[in-house]
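Chemist: Structure below; questions to follow.
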Amino acid sequence: MAWSLTDLCHLAKLDQYHKEEHVGFIQRMNSYFSRVVCGNYELVNEILEFLKQWLVRHIEGTDKKDIDALPGTALHKKLFNS
């Protein structure tokens, strides 16, 4: 499959957004870490809830969109038997 310039630009935007989501995740986890290290142990449930929601949203949302944007690739075929 040949990629057009439009396809490549679209993929670059997806990649940038994906990276920004991970950066946001890391920043949030660093904030939690700093607060727990200072003795704020009541955050445990909040952290677990954030992790559950973020992982589900990220996998079912961002990761799926990235894979859907790559029809015809080996990864897409392997995951969707297409």
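The values are calculated or read from the model by the stated rules, or taken from the named source; none is laboratory data. Because the structure is predicted, anything quoted here is derived from the model rather than measured. For neighbour counting, all protein chains shown are included, and Cβ atoms are generated from backbone atoms with ideal geometry for every residue, glycine included.
Chemist: Out of curiosity, is residue 75 at negative phi, at pLDDT below 75 and under 19 Å from the mean Cα position of the chain (by Cα)?
Modeler: Working: at negative phi: yes; at pLDDT below 75: yes; under 19 Å from the mean Cα position of the chain (by Cα): yes.
Yes; evaluated as a whole, the condition is true for this residue.
Chemist: When you go through (1) out of contact with any helix residue (DSSP H, G or I) (no Cβ under 6 Å at 6 or more places or on another chain); (2) under 15 Å from residue 66 (Cα atoms); (3) at pLDDT below 80 one by one for residue 20, which number turns out not to apply?
Modeler: Going through (1) out of contact with any helix residue (DSSP H, G or I) (no Cβ under 6 Å at 6 or more places or on another chain); (2) under 15 Å from residue 66 (Cα atoms); (3) at pLDDT below 80 one by one, residue 20 breaks only (3).
Chemist: Tell me which residues, restricted to the stretch 14-46, are of a type in the set (Val, Ile, Thr) and either within 16 Å of residue 62 (Cβ to Cβ) or surrounded by 12 or more Cβ atoms within 10 Å (Cβ to Cβ) (or both). Steps first, please.
Modeler: Taking the stretch 14-46 as the starting set, the residues that turn out to be of a type in the set (Val, Ile, Thr) are 23, 26, 36-37, 44.
Across the stretch 14-46, the qualifying residues are 23, 26, 36.
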